[in-house]
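Have a look at the structure below before the remarks.
The values are calculated or read from the model by the stated rules, or taken from the named source; none is laboratory data. Keep in mind that this is a model prediction, so the values were computed, not measured. FYI the Cβ positions are ideal-geometry reconstructions off the backbone, even for glycines, and counts take in every protein chain you see.
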């Protein structure tokens, strides 16, 4: 492990809990692709006893994720499952009838799973699980305060250094509050500052008009984050299969 890694490891029993809830074909895919990992909300939900919405997969290149997504879709089709895949600028999503949606996040790519860890905007999501080829076992990493903040249902903003939609974190704050999480004042200030950063400064009267700025912020808040993109999405014939129909 690199000397600069300041996180900690996920408890073995929690790694086991997460993997038992992970589809077998996803576990096999991770073994075949050690540079890829599960990260974020799925791990948080399983450990905290919540119901996960989807599984997010991260990797080191868009091409690698595209190949893995296509292989997963084809593998499931071999078993005559109803599968539909579609892609956006954020992710490739595989929807399978009766199964949890799988998202291959393509907007951000990382050389190692530990790099994925620091990309999440809240400490309760700073967790990854991946397959270590050297030890031939699954490993888990998380932030130092991951377990404490999760137990307290406390949102702590991490100020991630990534190219993201300015309003994404604030939208997720709303989602977490609905799930019973509490928001610290400094966290709320942080996500508001990130939203404000999306407004280009203008030295004219419009910029200082609150209604004008509220309109700009409304537009920013309508930007869709990759972790929210499939909320409420059902399998339908209007979705295209990634890398097949275009």
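Looking at (1) in a helix (DSSP H, G or I); (2) farther than 17 Å from residue 52 by Cβ, which is the only condition residue 124 fails?
For residue 124, the exception is condition (2).
Within the set of pairs 6 or more residues apart or between chains, which connect a residue that is assigned by TED's automatic domain parsing to the domain that holds residue 63 inside region 21-35 to a residue that is outside any loop (DSSP other than H, G, I, E, B) and exposed (fewer than 15 other Cβ atoms within 10 Å of the Cβ) with Cβ atoms less than 8 Å apart?
25/75; 29/71; 34/132
Applying the selection to region 36-58, what residues are part of a helix (DSSP H, G or I) and free of Cβ contacts under 8 Å to residues at least 24 places away in the same chain?
Across region 36-58, the qualifying residue is only 45.
Scanning region 156-196 for residues that are exposed (fewer than 15 other Cβ atoms within 10 Å of the Cβ), in a loop (DSSP other than H, G, I, E, B) and at negative phi, which turns out modelled with the highest pLDDT?
Looking at residues that are exposed (fewer than 15 other Cβ atoms within 10 Å of the Cβ), in a loop (DSSP other than H, G, I, E, B) and at negative phi, I get 179.
Could you tell me which numbered condition residue 86 fails, if it satisfies all but one of (1) under 21 Å from residue 138 (Cα atoms); (2) at pLDDT below 95?
Looking at each condition in turn, residue 86 falls short on (1).
Residues that are within 24 Å of residue 180 (Cα to Cα) and part of a loop (DSSP other than H, G, I, E, B): does region 59-78 have at least one?
Taking region 59-78 as the starting set, the residues that turn out to be within 24 Å of residue 180 (Cα to Cα) are none.
No: zero hits.
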